[in-house]
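Working notes, beginning with the structure itself.
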Amino acid sequence: MEFPRATVYVVDDDPGVRRALERLLDSAGYRATTFGSAAEFLAGHDPNSSGCLILDLALPGCGGLDLQSVLNASEGGLPIIFLSGCGSIPVSVQAMKAGAVTFLTKPVREWELVAAVREALSLDARWRRTRALRARTQTRIASLTPREREVLDHIIDGNLNKQIAAKLGTVEQTVKVHRARVMKKMGARSVAELVRFATMSSAEDASAGEASESDAEPHGMQSRGRPGRSPVQLD
């Protein structure tokens with residue numbers, strides 16, 4: 001999947017670092033939006049916008065790990081690439097366990113940072129597709145009548161029409177009618193798909209239920225994924 005001029009958010013308290021990263025990202029085909037602190041980012045960032053975040057660890061006020069926690073608790077969380085000159089192994093492990101895409105140290109090699117951005121944007125696209133599918137599924141479930149919802153619950157539990165009829169105190173033909181309506185409203189072509197939709201509607205992991213795609217290549221960018229390039233000068 002292609003990400004033409006995708007937005008990469010940068011939060012770093014060093015103006016020189018922000019300028020250097022903005023130049024690099026622009027040359028790689030991305031649009032960069034920079035912030036000097038976590039507070040500035042939270043005040044100016046639209047949670048509905050797609051992209052990823054390059055985040056410094058040591059920031060004034062709310063630190064990098066704190067901002068990561070805030071975003072993880074929100075509906076519009078972004079994939080995070082930590083880029084820091086003061087990280088330790090325990091801190092990097094903590095960041096990765098909390099869902100960071102990677103933890104890079106300054107100075108960083110150009111190809112390494114661009115590859116991490118590509119991975120993060122691909123991940124963000126998968127998250128957003130899954131969130132959209134979950135929202136549609138929740139809307140469809142809300143359209144079910146109380147009786148249809150009961151039938152759905154029994155289908156998910158693996159009950160056959162005759163068993164559902166006995167439990168609901170009705171006849172099998174009535175259950176078949178409700179079952180057909182449930183399948184139509186949910187847009188499911190099979191019981192397996194119906195169960196997957198219903199399970200996804202209540203899942204908390206935004207990336208669950210979505211197969212990964214190939215990494216995205218930004219518009220006009222040549223592959224930089226080879227070791228040995230000079231580190232990016234963040235000044």
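For Arg149, indicate whether it is under 30 Å from His178 (Cβ atoms), within 24 Å of the chain's Cα centre (by Cα), surrounded by fewer than 19 Cβ atoms within 10 Å (Cβ to Cβ) and not assigned by TED's automatic domain parsing to the domain that holds Val17. Judged against the criteria, Arg149 is not a match. Of Val70, Val10, all but one fail to be under 18 Å from Pro107 (Cα atoms) and modelled with pLDDT of 90 or more; the exception is Val10. If I filter segment 113-128 down to residues being buried (at least 17 other Cβ atoms within 10 Å of the Cβ) and of a type outside the set (A, V, I, L, M, F, W, C), which single residue comes out as nearest to Arg196 (Cα to Cα)? Per the stated criteria, the residue is Arg126. Elements of the type helices (runs of 4 or more DSSP H) sitting completely within segment 1-75 and holding at least 3 residues that are of a type in the set (Gly, Ala, Ser): these cover 15-27, 38-44. Report yes if some residue within segment 201-215 is at pLDDT below 95 and assigned to a helix (DSSP H, G or I); otherwise report no. Checked against the condition, which is being at pLDDT below 95 and assigned to a helix (DSSP H, G or I), segment 201-215 yields at least one hit. Here's a check for you: in segment 76-92, which residue that is assigned to a helix (DSSP H, G or I) and aliphatic (A, V, I, L, M) is surrounded by the fewest Cβ atoms within 10 Å (Cβ to Cβ)? Only one residue fits best here, namely Ile89.
Based on what the data block shows, is Gly44 within 13 Å of the chain's Cα centre (by Cα) and within 24 Å of Arg131 (Cα to Cα)?
Details: within 13 Å of the chain's Cα centre (by Cα): no; within 24 Å of Arg131 (Cα to Cα): yes.
Against the criterion (within 13 Å of the chain's Cα centre (by Cα) and within 24 Å of Arg131 (Cα to Cα)), Gly44 does not qualify.
One line per residue, one yes/no per condition, for (1) under 17 Å from Ser201 (Cβ atoms); (2) modelled with pLDDT of 95 or more; (3) assigned to a helix (DSSP H, G or I); (4) among the polar types (S, T, N, Q):
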{"residue": "Arg147", "(1), (2), (3), (4)": "no, yes, yes, no"}
{"residue": "Glu150", "(1), (2), (3), (4)": "yes, yes, yes, no"}
{"residue": "His154", "(1), (2), (3), (4)": "yes, yes, yes, no"}
{"residue": "Gln163", "(1), (2), (3), (4)": "no, yes, yes, yes"}
{"residue": "Thr174", "(1), (2), (3), (4)": "no, yes, yes, yes"}
{"residue": "His178", "(1), (2), (3), (4)": "no, yes, yes, no"}
{"residue": "Ala188", "(1), (2), (3), (4)": "yes, no, no, no"}
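Among the candidates Ala95, Ala73, the residue that is surrounded by fewer than 16 Cβ atoms within 10 Å (Cβ to Cβ) and farther than 18 Å from Ala125 by Cβ is uniquely Ala73. Trp111 passes every criterion in (1) in a loop (DSSP other than H, G, I, E, B); (2) touching a Lys or Arg at 6+ places or on another chain (Cβ under 8 Å) apart from (1). Within the bounds of segment 32-45, is there any residue that is in contact with a strand residue (DSSP E or B) (Cβ under 9 Å, 6 or more places away or on another chain) and in contact (Cβ under 8 Å) with a residue 40 or more places away in the chain? There is no residue in segment 32-45 that is in contact with a strand residue (DSSP E or B) (Cβ under 9 Å, 6 or more places away or on another chain) and in contact (Cβ under 8 Å) with a residue 40 or more places away in the chain.
Checked against the criterion of being under 30 Å from Leu123 (Cβ atoms), of a type in the set (Asp, Glu), without any contact (Cβ under 8 Å) to a residue 24 or more places away in the chain and not assigned by TED's automatic domain parsing to the domain that holds Ala73, segment 183-200 has at least one qualifying residue.
Flag: Ala135 matches the condition of being surrounded by fewer than 17 Cβ atoms within 10 Å (Cβ to Cβ), without any contact (Cβ under 8 Å) to a residue 12 or more places away in the chain and assigned to a helix (DSSP H, G or I).
The values are calculated or read from the model by the stated rules, or taken from the named source; none is laboratory data. Keep in mind that what you see is a predicted model, and the values were worked out from it rather than measured. Reconstructed Cβ throughout: ideal geometry from the backbone, glycine too, with neighbour counts over all protein chains shown.
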